[in-house]
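Colleague: Sharing a structure, written as structure tokens. Questions coming.
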Amino acid sequence: MLLSLTLSPLSSTPYTLQNLTPSPSSPKRHRFKFLLQTSTTKPQPQSYHKDRVLIIGAGLAGLAAATTLHSQRIPFLLLEASDAVGGRVRTDSVDGFLLDRGFQIFITAYPEAQKLLDYNALNLQKFYSGAKIYYNGQFHTVADPLRHFGDSVMSLANPIGSVLDKLLIGFTRIRVLGKSDYDIFTASEVPVVDLLRNIGFSDSIIERFFRPFFGGIFFDKELGTTSRLFDFIFKCLALGENTIPAKGIGEIPNQLAAKLPADSILLNTKVVSIDFDEPDSPNVRLENGEILKTQLGVVVAVEEPEVDKLLAGSRKPVQRKTGRNTVCLYFSAEKIPVKDPVLFLNGSGKGIVNNMFFATNVAPSYGPPGKALVSVSLIGLFPDVSDDNLTAKVIQELTGWFGESVVSSWRHLRTYRIGFAQPNQCPPTDLMKDPKSGSGVYLCGDFMTSATFDGALVSGRRAVEALLRDTSLTRI
Ligand SMILES: Cc1cc2nc3c(=O)[nH]c(=O)nc-3n(C[C@H](O)[C@H](O)[C@H](O)COP(=O)(O)OP(=O)(O)OC[C@H]3O[C@@H](n4cnc5c(N)ncnc54)[C@H](O)[C@@H]3O)c2cc1C
């Protein structure tokens, strides 16, 4: 059987795939090879037989899926609705500043990331291992004793928690370091706030440190997220550094994309549905009406609510927990109060700012010479507050933190309101979901594993591994 593709406006490479007769020694194996040729076969109207795996979505999950296929020399086409790769992990350049779309930290100990990324090329810039907490009108340091011993001793007597709390942090570290990631992701689970209370942490350290810190990581002020994610992040924080790439968080997906064949990614290509007209051969319908067919399988790497839309025709509606939202505001500053690459947390229990930092203190490349970049994060979307009012509230609040003489020089650059920053991962969770979803369709994305960069990367690899197992594709 010769499956051919011609005249596709989507690809400049007229691949033809030839299915070879199965070898008698391995009757189930599906072997193939590519011939570069011009075929005379007429395409069906608005329909193209693509003999590549189709991947929908070029966020970290889709890029990891593509990377895995590429490493096996299995051809694929990555379809991305927006104008660039990265999904939720993108950076904009504005007036000489690098603005990540929301405050994002890359932890160097993420295990899958270690396998896929070239850290040296990312030129990772480190945060201070700890935080400054605004509480009762003053700043108090919480420091990692293994990295900043002096600071941590000095902080023993501060009001952020008792000496016992600080010892319990050490015990928690030992507990999580003793577990494999698999054990963590499959352990019995409770909401983070219950875990912290069960460990014996005092209300003061929960309210002043854990709530703004982990609330900011999960965009969840209630700390209702699963203890499994807490343990995973705590373990990664113990083993690695908090960083941002010198050229912005978007360098992470850019680096993955740069290693893929140039013609394998189609931007501005939105998929509107996945249909199953024929068994084992899903059709991918594009917004412009075109239908892409594949015999090799479809990897769906879009956000969870979008998965529901794409597969609406083939499965029952699913009730989902509400996703997590955040707002990130950026300011250009002439004057800032500190030079430290440190994260500031709001431990006061008042106001709308959850955390903030001076990005140019961590990575000077985030701003033009002589200017500082201020990044401020809120939890939630604040849909009823206009951008101007939100900016005014934030400026007023931070004036209380740093003083009028400092904050009056700050100029608003941009506000990002990010709906569905992460899926809701409150218990009960399944962080090891089976990627297979119907015939020839495999799901990946942060909702399949942990809602982190690493979870998204793992999920992309797992989806392709499942596809390869089912199809028994082999390289020639
Ligand atoms: C503000 C913010 C801060 C974060 N901070 C951290 C952090 O510090 N550390 C951490 O580990 N994680 C963090 N995360 C979480 C992490 O970014 C995500 O878990 C991860 O990037 C999700 O990747 P993904 O590939 O699953 O999904 P996405 O990045 O959402 O990718 C999905 C892609 O599919 C595309 N798409 C959607 N629909 C279609 C369609 N119909 N057709 C074609 N393409 C489509 C989208 O345009 C997008 O490119 C943060 C997230 C946000 C938003």
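Colleague: What's the magnitude of the charge dipole for the chain around its Cα centre, counting Lys and Arg as +1 and Asp and Glu as -1 at the beta-carbon? Answer in Debye, nearest 20.
Modeller: Working: 50 positive and 46 negative charges, 180 e Å.
That gives the chain a dipole magnitude of about 860 debye.
Colleague: Per the helix-only calculation at 222 nm, which mean residue ellipticity applies to the chain, given -39500 (n - 2.57) for every DSSP H run of n ≥ 4 and division by its residues, nearest 500 deg cm²/dmol?
Modeller: On the way: 15 runs with 136 residues, N = 476.
Computed ellipticity for the chain at 222 nm equals -8000 deg cm²/dmol.
Colleague: Which listed residue (Thr391, Ile379, Val342) has the Cα farthest towards the positive end of the charge dipole for the chain, taking +1 on Lys and Arg C-beta and -1 on Asp and Glu C-beta about the Cα centre?
Modeller: Going by the Cα projections, it comes out as Val342.
Colleague: Which pairs break 25 Å Cα to Cα here: Lys179/Lys321; Lys293/Lys321; Lys221/Lys335; Lys247/Lys371; Lys166/Lys221; Lys221/Lys321? Before the final figure, lay out the partial values.
Modeller: Numbers: Lys179/Lys321 28 Å; Lys293/Lys321 33 Å; Lys221/Lys335 30 Å; Lys247/Lys371 16 Å; Lys166/Lys221 22 Å; Lys221/Lys321 16 Å.
Check vs 25 Å cut-off fails for Lys179/Lys321; Lys293/Lys321; Lys221/Lys335.
Colleague: Put +1 on the Cβ of each Lys and Arg and -1 on the Cβ of each Asp and Glu in the chain; which of Leu63, Cys426, Val153 then has its Cα farthest toward the positive end of the dipole?
Modeller: Most positive-ward Cα: Leu63.
Colleague: Can you list which of the GluC sites (Glu not before Pro) found in the stretch 171-280 are DSSP loop residues with at most 13 other C-beta atoms within 10 Å?
Modeller: Values: sites: Glu189, Glu207, Glu222, Glu241, Glu251; in loops: Glu189, Glu222, Glu241.
Passing both the DSSP loop test and the Cβ count: Glu222.
Colleague: Just for the chain, what percent of DSSP beta bridges are antiparallel, to the closest 5?
Modeller: Values: 56 of 78 bridges.
Rounded to the nearest five, the antiparallel share is 70 percent.
Colleague: Can you check what the net charge comes to around Leu345, using other residues whose Cβ is under 10 Å from the Cβ of Leu345 (Lys, Arg +1; Asp, Glu -1)? Please report the intermediate quantities before stating the final value.
Modeller: Details: positive: Lys132, Arg208, Arg211; negative: none.
Summing Lys and Arg as +1 and Asp and Glu as -1 gives +3.
Colleague: Order of Tyr442, Tyr128 from fewest to most other C-beta atoms within 10 Å?
Modeller: Working: Tyr442 28, Tyr128 20.
Listed from fewest to most nearby Cβ atoms, that is Tyr128, Tyr442.
Colleague: If you don't mind, another one. Need the C-alpha centroid separation for the stretch 50-64 versus the stretch 68-123, integer Å.
Modeller: Cα centroid to Cα centroid, the span is 14 Å.
Colleague: What does the convex hull of the alpha-carbon atoms of the stretch 400-451 project to on average, in nm²? It would help to have the intermediate numbers written out before the result.
Modeller: Values: hull surface 27.8 nm².
For the Cα atoms of the stretch 400-451, the hull's average projected area reads 6.9 nm².
Colleague: For a quick check: sort Trp410, Trp401 by the number of other beta carbons within 10 angstrom, fewest at the front.
Modeller: Values: Trp410 23, Trp401 19.
Least crowded to most crowded, the residues run Trp401, Trp410.
Colleague: Give me Tyr110, Tyr119, Tyr416 ranked fewest to most by other Cβ atoms within 10 Å of their Cβ, as a rough exposure proxy. Working shown, then result.
Modeller: On the way: Tyr110 23, Tyr119 14, Tyr416 17.
In order of increasing Cβ crowding within 10 Å: Tyr119, Tyr416, Tyr110.
Colleague: On to the next question. Expressed as a whole number of Å, what is the distance separating the alpha-carbon centroids of the stretch 333-411 and the stretch 199-256?
Modeller: For the stretch 199-256 versus the stretch 333-411, the Cα centre distance is 19 Å.
Colleague: Kirkwood Rh over alpha-carbon pairs of the chain, then Stokes-Einstein at 25 °C and 0.890 mPa s: what D in µm² s⁻¹, rounded to an integer?
Modeller: On the way: Rh = 24.0 Å.
Reported coefficient: 102 µm²/s.
Colleague: Based on the alpha-carbon set only, what is the convex hull volume of the stretch 146-240 divided per residue, in Å³?
Modeller: 93
Every number here is computed from the coordinates shown, using simple stated rules; none is lab data. None of these values were measured; they are calculated from a predicted model. In this analysis, Cβ positions are derived from the backbone assuming ideal geometry, glycine residues included, and neighbour counts consider all displayed protein chains.
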